[in-house]
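The values are calculated or read from the model by the stated rules, or taken from the named source; none is laboratory data. Just so it is clear, the model here is predicted, and its values are computed rather than measured. Methodologically, a virtual Cβ is constructed for each residue, glycine included, from the backbone with ideal geometry; neighbour enumeration extends over all protein chains shown. SASA here: full protein model, heavy atoms, side chains in, ligands and nucleic acids out. Shrake-Rupley method; radii C 1.70, N 1.55, O 1.52, S 1.80 Å.
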Amino acid sequence: MSETIKVPTMAEYMAEGKQPEVLFWVGCAGSFDDRAKKITKAFVKLLNNAKVDFAVLGTEESCTGDPAKRAGNEFLFQMQAMGNIEVMNAYEVKKIVTACPHCFNTIKNEYPELGGNYEVMHHTQFLKSLLSEGRLKVEGGKFKGKRITFHDPCYLGRANGEYEAPRELLQKLEVELVEMKRCKTRGLCCGAGGAQMFKEPEPGNKDINIERTEEALETKPEIIAAGCPFCNTMLTDGVKGKDKEADVTVMDIAEMIANASDL
Amino acid sequence: MQYIPNILFLILLAAGIGYFTMNIRKVIRNIKLGTDFDASDRKGERWGNVVRIAMGQSKMVKRPISGLLHIIVYVGFIIINIEVLEIIIDGILGTHRIFAPLGAMYDVLIATFEILAFLVLVGVIVFWTRRNIQKIKRFWNPEMKGWPKNDANYILYFEMVLMVLFLTMNGADLQLQNLGSAHYTKAGMFPISGLLAPIFENFSEATLIFIERTAWWLHIIGILIFLNYLYFSKHLHIMLAFPNVYFGRVEPKGKFKNNEAVTNEVKLMMDPSADPYAAPAEGAEAPAKFGASDVMDLNQIQLLNAYTCTECGRCTSECPANITGKKLSPRKIMMDTRDRLEEVGKNIDTNGEFKPDGKQLLDDYITREELWACTSCNACVEACPVSIDPLSIIMEMRQYLVMEQSAAPNELNVTMTNIENNGAPWPFNQMDRLNWKNEV
Ligand code: SF4
Ligand code: SF4
């Protein structure tokens, strides 16, 4: 794990007069949250391993504005969006990959009208395409035969209709995929979306992440697979809340793939 | 004198249809109180949705039991309407079973109506049981108290009575046909009402005629009353579901509308060469307000959504906030919007135009606590069998709270300040954004 990772920036590419194949949009969680940073690094290892010519914006990246928009602050959202679009258009960005479904959704769906037109992929979609192009090899390894359930992120699944890419990757890891009762189109939210991540929930009789974690635990998984840094945090907290952290771990699919091949 | 029944019938028919038309025009007027929208795109996909979701009930069958029963009642309702056509023509012309010359075809039609009527009756009884005996949770949420609960049951009673009248009418008719009664030509096949024969066997011809006529009149009067009941009821969906699905969202569910008025202002702010004192460009006029606090701020599709809501609660039963005991219920958002819109409509009826009544959708109907509980997960939008989007109303009301009233929960204010200052929802420096690269 000590092997160094290569993370070039767009500015460096620009200085060399080159264009990367894809921009890796790291996102706020991926940049600052301790748990999510591990996902970021796992994904970078996969990119390095597959020899993908990518770059990040680094300090030129700023929040997409998703939490602001969903909290009702359309001004702040559009300020953020236009700032980011200005930066990306200056670099003539064409294709973007991100490990955060919220960034994915916002850039893909809400930036075009504001002047930002890019091909945007969620990291599970991107990894799937690397796989089918033969650039990345995924083998069962450690996860072969393990009982795993997958939690659909709302902003990847319902919001954008992508249910298969993450499942295909899990299939490649030869896991025993067990679905929760509410999955795919009916998948239950982890409780983080719509800016809920950043505030206390309204009064009720349960936290949403606990409800979802209980459902996940019903499938008796060894691992709960996630595809979103916020879901990851919510479910990790849920597993802790249920005193199950010794038996069940929450992992991003990118981490699982990197782990399987000991990257 | 012999034309009295015909005249009576015509008066009833005209009154029934007239009053209904008047109310539907009110619905249209109220919907037009909303802001304009553009749904001229993707026509093929929209029609496809009408065929699949509205006609084909593709979302209903996601819950197989209620879905199947609903299809029976819906198909029964539509097909039995062919019989209503015959009843209307008979009523106007004073004829009896005017379609009888269709012969074998008529037999098949009547037999089909009868079987469907029976199935509808069974379906409706099961529906009633599910609501009142089995007490399925989604029919017992707080917003279902009082009128909404009664409304649902009234509809079921109406349908039961109509089906029973229809079968009684046919049963008596069959008996009269067998007796060779003058006016009652031999026509039709009666697989269900034929079973009622033992009841009618010993009745005199006069009694049978009385039963048949009474059932016939009550049946058509019942239909006209039911038609007029729609306007006051969630049953309005039997008509509005079709346009509503057509206008339903075709974009990815995650794509929330960008507020254009904001776009213009932000562009102005970000453009260093813009003259802040310049007259606003044409069409770039700032709106009266950002976001929505009352029904007039919503768009016409959202208002059509409110009138279309069937109050089925499928949205609410999938809502993570509601499931975990929060006050938010997407169904209630739609019911409140309709109630407020009706209130505004009545205000216009009395005053000729809307006179401010010191009330609005926000706070008087929908509380802030409900609005802030939403995770924007789209489960409600996905679940709705008639393509209603409660989430868009929630988001526009949040916009009003934040941009007009600066009334976001405090933690969110902190989050937004962070985004504004640091480009992240947490208090980290943007210059540290790539530090992870060197951390082990
Ligand atoms: S989008 Fe909001 S209202 Fe709709 S189901 Fe999710 S949390 Fe509930
Ligand atoms: S919004 Fe749709 S799902 Fe919710 S109660 Fe109304 S019709 Fe049913």
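Comparing A:Asn84, A:Asn232, A:Asn49 in a Gaussian network model of chain A where C-alpha atoms under 10 Å apart are linked, the largest mean-square fluctuation is found at A:Asn49.
Restricting the stretch B:173-261 to chymotrypsin sites (Phe, Trp or Tyr not before Pro) that sit in a DSSP loop and have at most 14 other Cβ atoms within 10 Å of their own Cβ leaves nothing. Work out, in µm²/s and without decimals, the Stokes-Einstein translational diffusion coefficient of the stretch B:292-440 at 25 °C, 0.890 mPa s, Rh from Kirkwood over C-alpha pairs. This corresponds to a translational diffusion coefficient of 142 µm²/s. Mind telling me which of A:Ile253, A:Ile208, A:Ile107 comes out most flexible in a GNM of chain A, alpha-carbon contacts under 10 Å? Among A:Ile253, A:Ile208, A:Ile107, the largest GNM mean-square fluctuation belongs to A:Ile208. Heavy-atom accessible area for A:Val7, with the other protein chains in place and a 1.4 Å probe, reaches approximately 10 Å². Per the Debye calculation on chain A with a single equal scatterer at every Cα and no solvent contribution, log₁₀ I(q)/I(0) for q = 0.11, 0.16 Å⁻¹ amounts to -0.59, -1.24. Think of chain B as a dipole: +1 on every Lys or Arg Cβ, -1 on every Asp or Glu Cβ, centred on the Cα centre; then among B:Leu13, B:Val51, B:Thr263, B:Val51 lies furthest on the positive end.
Between the C-alpha center of the stretch A:97-111 and that of the stretch B:300-342 there is a gap of 28 Å. Dimensions of the protein assembly as shown from C-alpha coordinates, computed as largest minus smallest value along each principal axis and given longest first, are 100, 67, 44 Å. Surface composition of chain A: carbon and sulfur make up 48 percent of the accessible area, probe 1.4 Å.
Loop-located GluC sites (Glu not before Pro) in the stretch B:165-267 (DSSP state not H, G, I, E or B) with no more than 16 neighbouring Cβ atoms inside 10 Å: B:Glu201. Karplus-based coupling profile of the stretch A:67-80, in residue order and whole Hz: x, 5, 4, 6, 8, x, 8, 5, 4, 4, 4, 5, 4, 4, with θ = phi - 60° in 6.51 cos²θ - 1.76 cosθ + 1.60 and x standing for Gly or Pro.
Residues whose amide H lies under 5 Å from that of A:Val120, counting only those 5 or more places away or on a different chain, are A:Ile96; hydrogens are built 1.01 Å from N in the peptide plane. Comparing B:Met160, B:Met335, B:Met403 in a Gaussian network model of chain B (Cα springs below 10 Å), the most mobile by mean-square fluctuation is B:Met403.
The equivalent ellipsoid that matches the C-alpha gyration tensor of chain B spans semi-axes of 55, 24, 19 angstrom, in descending order.
Among B:68-75, A:169-176, A:233-240, how do they line up by average Cβ neighbours within 10 Å per residue, starting with the highest? Walk me through the intermediate numbers first.
Numbers: B:68-75: 17.2, A:169-176: 19.8, A:233-240: 21.4.
The most tightly packed comes first, giving A:233-240, A:169-176, B:68-75.
Placing dummy labels 7 Å off each Cα toward the beta-carbon, the span from B:Thr95 to B:Leu68 is 4.0 nm.
The mean number of partner chain beta-carbon atoms within 10 angstrom of a residue's beta-carbon across peptide B:264-270 is 4. Accessible area per residue, 1.4 Å probe, Å², for the stretch B:290-422: what's the number? With all protein chains present, the stretch B:290-422 gives 30 Å² per residue. The Kirkwood radius of the stretch B:1-147, taken over pairs of alpha-carbon atoms, gives through the Stokes-Einstein law at 25 °C and 0.890 mPa s a diffusion coefficient of 125 µm² s⁻¹.
Of the residues B:Met105, B:Ile82, B:Gln2, the one whose Cα sits farthest toward the positive end of the charge dipole of chain B, with +1 on the Cβ of Lys and Arg and -1 on the Cβ of Asp and Glu, is B:Met105. Taking the Cα centre of the stretch B:290-422 as origin and assigning +1 to Lys and Arg Cβ atoms and -1 to Asp and Glu Cβ atoms, the resulting dipole is close to 300 debye. For helix B:104-132, report the angle its Cα long axis makes with the longest principal axis of the Cα atoms of chain B; keep it between 0 and 90° and round to the nearest 10°. The answer is roughly 50 degrees. The mean sequence distance of close C-alpha pairs (under 8 Å, at least 6 residues apart), as a share of the length of chain A, puts its relative contact order at 20 percent.
Taking θ as phi - 60° and the Karplus parameters 6.51, -1.76 and 1.60, the scalar couplings of the stretch B:232-240 work out to 8, 10, 5, 6, 4, 4, 5, 9, 6 Hz in sequence order, x denoting glycine and proline. Placing unit charges on the Cβ atoms only, positive for Lys and Arg and negative for Asp and Glu, gives the protein assembly as shown a dipole magnitude near 1600 debye about its Cα centre. Within 10 Å of the Cβ of each residue in A:29-42, the mean number of Cβ atoms contributed by other protein chains is 3. Phi-derived couplings, Karplus 6.51 cos²θ - 1.76 cosθ + 1.60 at θ = phi - 60°, listed residue by residue for the stretch A:15-28: 4, 8, x, 10, 10, x, 5, 8, 8, 8, 8, 7, x, 5 Hz, with x used for Gly and Pro. Counting only protein heavy atoms and using a 1.4 Å probe, the accessible area of B:Cys315 comes to about 20 Å².
Centre-to-centre separation between the Cα atoms of the stretch A:139-156 and those of the stretch A:213-256: 11 Å. Mind giving me the FRET efficiency for B:Asn178 and B:Asp107? R0 is 22 Å, r the Cβ-Cβ distance, nearest 0.05 is fine. That pair, B:Asn178 with B:Asp107, gives E of 0.90.
Counting Cβ atoms of other protein chains within 10 Å of each Cβ in A:21-27 and taking the mean gives 1. For A:Thr9, the residues whose amide H sits under 5 Å from its own are A:Val56, ignoring neighbours fewer than 5 places away on the same chain, with H placed 1.01 Å from N. With viscosity 1.567 mPa s and temperature 4 °C, the Kirkwood radius over alpha carbon pairs of the stretch A:137-260 converts through Stokes-Einstein to a diffusion coefficient of 89 µm²/s. On association of chains B and A, roughly 5900 Å² of accessible area becomes buried (total for both chains; probe 1.4 Å). The dipole here belongs to chain B: it is taken about the Cα centre, uses +1 on the Cβ of Lys and Arg and -1 on the Cβ of Asp and Glu, and is about 1060 debye. Calculated FRET efficiency, A:Glu179 to A:Lys146, Cβ-Cβ distance, R0 = 22 Å: about 0.90 to the nearest 0.05. Solvent-accessible area per residue in the stretch A:10-131 equals 30 Å², computed with a 1.4 angstrom probe and all protein chains kept. What is the list of residues in the stretch B:321-345 whose amide nitrogen lies under 20 Å from a point 7 angstrom out from the Cα of B:Asp364, following Cα to Cβ? Taking a point 7 Å out along Cα→Cβ of B:Asp364, the residues of the stretch B:321-345 whose backbone N falls under 20 Å are B:332-345. Remark: the B:Ala206-B:Glu404 segment gains 64.0 nm on full extension, using 0.36 nm per residue and subtracting the alpha carbon distance. Would you work out which of A:Leu57, A:Val93, A:Pro229 lies farthest towards the positive end of the dipole of chain A? Charges go on Cβ: Lys and Arg +1, Asp and Glu -1. Selected residue: A:Pro229.
Kirkwood Rh, the stretch A:145-216, all Cα pairs: how many Å? Taking the inverse mean of 1/r over all distinct Cα pairs, the stretch A:145-216 comes out at 13.4 Å.
Protection proxy ranking, highest mean first, for peptides A:71-80, B:138-147, B:318-327: A:71-80, B:318-327, B:138-147, where packing is the per-residue count of other beta-carbon atoms within 10 Å, averaged.
May I ask you to derive the FRET efficiency for B:Lys355 and B:Lys32 from their Cβ-Cβ distance with R0 = 22 Å, giving the value to the nearest 0.05? Taking R0 as 22 Å, the efficiency between B:Lys355 and B:Lys32 is 0.75.
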